[in-house]
Amino acid sequence: MIRFRPHHFLCTLCFQGKGYSPEFVKNYQSIADALSSKNGDELMIEVVNETDDICSPCPHKRGVSCEAQEKILKLDRAHAEALKLKAGDVLSWGEAKARITKNIDMEKFEKICAPCSWKALGICQSVLFP
């Protein structure tokens, strides 16, 4: 089972091998590779309201929170609401992708991802709305 905080569902769809440190990128790439593998849609994800499996090697991690905790909480709250997620929910990656497709359009993306520093790079827009 993989543990995700709410905003990491969209981030994982858009992950392009960039990140905060080589260890962070290596870890995230292994998670993204598992989810995009032949049986990736069957992998189960537990929703958490703290640092998760993606965050584990992040240089900004401070215990179960982040240096930018207020910004991250704002992202998590917005994504949880948009994707109808709450801590403790368990769903497959396939179910998560279906929720993203059903609930996220460009307008919603612009709103829920507004505080994200990665948004300005345009990567997510090009992946989600080609």
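The values are calculated or read from the model by the stated rules, or taken from the named source; none is laboratory data. All values derive from a computational prediction rather than experimental measurement. Counting neighbours? That spans all protein chains shown, and the Cβs are built from the backbone with ideal geometry, glycine included.
Here are a few things to note about the model shown:
- Sole residue being surrounded by 14 or more Cβ atoms within 10 Å (Cβ to Cβ) and modelled with pLDDT of 95 or more, chosen from Glu46, Glu23, Glu42: Glu46
- Criterion: touching a helix residue (DSSP H, G or I) at 6+ places or on another chain (Cβ under 6 Å) and either touching a residue at least 24 places away in the same chain (Cβ under 8 Å) or of a type in the set (Lys, Arg) (or both) - qualifying residue of Lys71, Lys26, Lys108: Lys108
- Going through (1) over 23 Å from Lys18 (Cβ atoms); (2) touching a Pro at 6+ places or on another chain (Cβ under 9 Å) one by one, Asp76 falls short only on (1).
- Some residue of region 75-95 being loosely packed, with under 15 Cβ neighbours inside 10 Å, at pLDDT 95 or above, at positive phi and not in a helix (DSSP H, G or I): yes
- Selection within region 12-37 - closer than 20 Å to Glu95 by Cβ, polar (S, T, N, Q) and not in a loop (DSSP other than H, G, I, E, B): Thr12
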